Amino acid sequence: MNPFARLPGPSMTRRLIFSITAMMALLWLLAVGLGLVVMEEEYAEMFDGTLQDTAERLVPLVVDDLEHRGMLGGPLGALGDNRPSAAPQQLQTGNSSGDREYLIYQVRDAAGRVLIRSHDAPEPAFETPLKPGFWKNATYQFYTATDDKAQVFIQVADAFENREEALREGAIALFLPLALLIPVSGMAIWLVVRRAVQPVGELRRQIETKDGGNMEPIDAAILPRELQPIATSVNLLMTRLRTALDAEREFTSNSAHELRTPIAGALAQTQMLISELKEPANRHRAGQIESSLSSLSHLAEKLLQLSRAEAGIGIAEKPVDLTLVLDMVLTDFRRGMNDPQRLILHRAKGAKLSGPFSEDAFAIVLRNLIENALVHGKPGTPVDVFLDDGGPVRIVNDAAVMTAAELAAIRKRFSRGKTEAAGSGLGLSIVERLLGQMGGKLILFSPASGRTGGFEARVELPGIKQT
């Protein structure tokens with residue numbers, strides 16, 4: 001299992017994408033808000049200018065119309081006695097169909113009476129003073145224009161709701177594209193950031209592959225300039241670690257090799273001594289020496305296997321037939337057993353096992369698992385080795401049921417669990433090390449599958465061809 005996959009913490013890529021998108025959206029919203037403020041001011045200037053221009057253009061037209069209608073008497077500019085005292089004249093325009101007018105106006109005399117009003121203008125006079133210029137209340141913005149000679153005042157009004165409507169429509173026109181642009185920009189930022197941080201992910205994957213079996217240096221030249229110091233530091237660390245591991249492996253391997261010959265010689269001499277001794281006490285002490293030498297020989301063999309496992313011998317370049325390795329290991333065990341029938345192979349018809357794995361590594365895995373099953377199983381009970389068509393290799397023996405904590409403990413080096421049988425506690429550690437190099441895994445069950453008791457060791461290898 002990849003140890004890096006279990007590390008908690010936020011994603012740097014996700015945080016970067018979210019930060020950039022949020023900052024960009026905030027800046028856009030701020031820009032739109034400032035734009036609306038400027039737009040409001042420009043709209044106010046534009047509406048005020050239109051209001052003033054309309055009022056000033058209406059002055060000569062209204063004066064001319066009043067003269068033509070005879071509503072101005074005496075000399076030009078003085079209201080005659082014939083000015084109306086009834087309701088003001090209401091102009092009938094194209095908007096009389098019921099459509100709302102944006103600008104309304106009233107024509108008033110010097111006394112403040114309304115002479116003419118537009119279609120939507122109220123009959124009562126505006127509360128605006130008869131004084132040229134702008135004036136406003138809570139509802140309207142007014143502009144008053146006058147003709148000094150005729151003493152006529154033209155008061156044009158623009159409702160603030162017209163300006164608010166224009167500003168609201170402008171805001172909608174700005175915000176609607178922004179609502180679509182933000183998610184689209186987020187996707188674009190996601191693509192750009194993922195592409196930009198891709199070298200970081202590649203460097204992470206290369207570092208993840210570095211272990212005792214793969215300590216090749218990382219090619220820093222293909223990485224961006226910002227990541228090259230990290231790759232260089234990792235390479236320096238790998239060099240120091242490789243040197244330390246090589247020294248450890250060499251020491252373990254040399255020690256095991258150097259110990260095998262003198263131990264074998266001492267064991268042979270002890271066995272000869274036992275055959276020559278006649279007194280039971282002496283034979284007993286010599287037997288204890290023989291047992292100790294046998295344990296030491298077994299430990300030396302395990303250390304040698306561990307050294308080879310640490311050297312990374314699990315993978316082969318070409319696929320090999322692992323069923324032949326299984327048959328060879330079983331045959332070798334049976335030759336050294338007092339009861340060969342105790343070791344039973346259950347092989348499905350036509351079942352084969354092949355893959356690009358080291359025959360030597362697979363043999364070490366089988367030897368350790370079968371040896372554990374024979375040593376730690378109940379005496380006289382069979383040890384079953386299963387090779388099913390399309391399934392893993394399973395080694396099952398009769399033993400007391402173990403708890404989950406005990407199953408986890410026996411995987412550790414020099415941990416032997418609750419047993420009185422002799423052993424070094426290295427077997428399962430060696431198996432897991434080799435299977436890790438082969439891309440496989442060791443699964444332990446207690447009780448065994450389909451049984452109420454017993455112990456099962458299951459070996460699963462990837463890409464295995466089983467027919």
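Listed here are the residues, each with its yes/no results for (1) over 20 Å from the mean Cα position of the chain (by Cα); (2) of a type in the set (A, V, I, L, M, F, W, C); (3) more than 30 Å from Phe142 (Cα to Cα).
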| site | (1), (2), (3) |
| --- | --- |
| Asn162 | yes, no, no |
| Glu169 | yes, no, no |
| Leu191 | no, yes, yes |
| Arg194 | no, no, yes |
| Ile207 | no, yes, yes |
| Pro217 | yes, no, yes |
| Arg225 | yes, no, yes |
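Would you say Gly170 is in a helix (DSSP H, G or I), at pLDDT below 85, open to solvent by less than 60 Å² (accessible area, probe 1.4 Å) and at negative phi? Can you show your working first?
Working: in a helix (DSSP H, G or I): yes; at pLDDT below 85: no; open to solvent by less than 60 Å² (accessible area, probe 1.4 Å): yes; at negative phi: yes.
Taking the combined requirement at face value, the residue does not satisfy it.
Across the range 346-371, what is the total count of residues that are open to solvent by 50 Å² or more (accessible area, probe 1.4 Å), within 14 Å of Leu435 (Cβ to Cβ) and in contact with a Leu (Cβ under 9 Å, 6 or more places away or on another chain)?
The number of residues fulfilling the criteria is 0.
Give me a count of the residues in the range 413-460 that are modelled with pLDDT of 85 or more, among the hydrophobic types (A, V, I, L, M, F, W, C) and assigned to a loop (DSSP other than H, G, I, E, B).
Matching residues across the range 413-460 total 1.
In the range 244-261, which residue that is modelled with pLDDT of 70 or more and open to solvent by 100 Å² or more (accessible area, probe 1.4 Å) is nearest to Arg308 (Cα to Cα)?
Ranking the qualifying residues of the range 244-261, first place goes to Glu250.
Please specify each residue of the range 54-113 satisfying the condition of being modelled with pLDDT under 80 and part of a strand (DSSP E or B). Spell out how you get there, then give the answer.
So in the range 54-113, the residues modelled with pLDDT under 80 come out as 69-101.
If the condition is that a residue be modelled with pLDDT under 80 and part of a strand (DSSP E or B), then Gln89, Gln90 are the ones that fit.
Check whether at least one residue in the range 192-201 is touching a residue at least 24 places away in the same chain (Cβ under 8 Å) and not in a helix (DSSP H, G or I), and report yes or no. Before the answer, list the steps.
Taking the range 192-201 as the starting set, the residues that turn out to be touching a residue at least 24 places away in the same chain (Cβ under 8 Å) are 193-194, 197, 199-200.
With the extra rule that they be not in a helix (DSSP H, G or I), the set shrinks to 197.
For the range 192-201, residues touching a residue at least 24 places away in the same chain (Cβ under 8 Å) and not in a helix (DSSP H, G or I): present.
Return the only residue of Val385, Val396 being in contact with a His (Cβ under 8 Å, 6 or more places away or on another chain), open to solvent by less than 20 Å² (accessible area, probe 1.4 Å), modelled with pLDDT of 85 or more and not acidic (Asp, Glu). Write out each step before concluding.
Numbers: Val396 fails: in contact with a His (Cβ under 8 Å, 6 or more places away or on another chain).
After ruling out the rest, the residue left standing is Val385.
Being over 30 Å from Leu58 (Cβ atoms) and without any contact (Cβ under 8 Å) to a residue 12 or more places away in the chain is true for just one of Ile207, Ile172. Which residue is that?
Values: Ile207 fails: without any contact (Cβ under 8 Å) to a residue 12 or more places away in the chain.
Just one listed residue meets the conditions, Ile172.
Of the residues in the range 123-148, how many are more than 16 Å from Arg57 (Cα to Cα) and part of a loop (DSSP other than H, G, I, E, B)?
12
The values are calculated or read from the model by the stated rules, or taken from the named source; none is laboratory data. Not measured: the values here are computed from a predicted model. Quick reminder, even Gly has a Cβ in these numbers, built from the backbone with ideal geometry, and neighbours come from all protein chains shown. Only protein heavy atoms, including side chains, enter the accessible area calculation; ligands, DNA and RNA are left aside. Shrake-Rupley method; radii C 1.70, N 1.55, O 1.52, S 1.80 Å.
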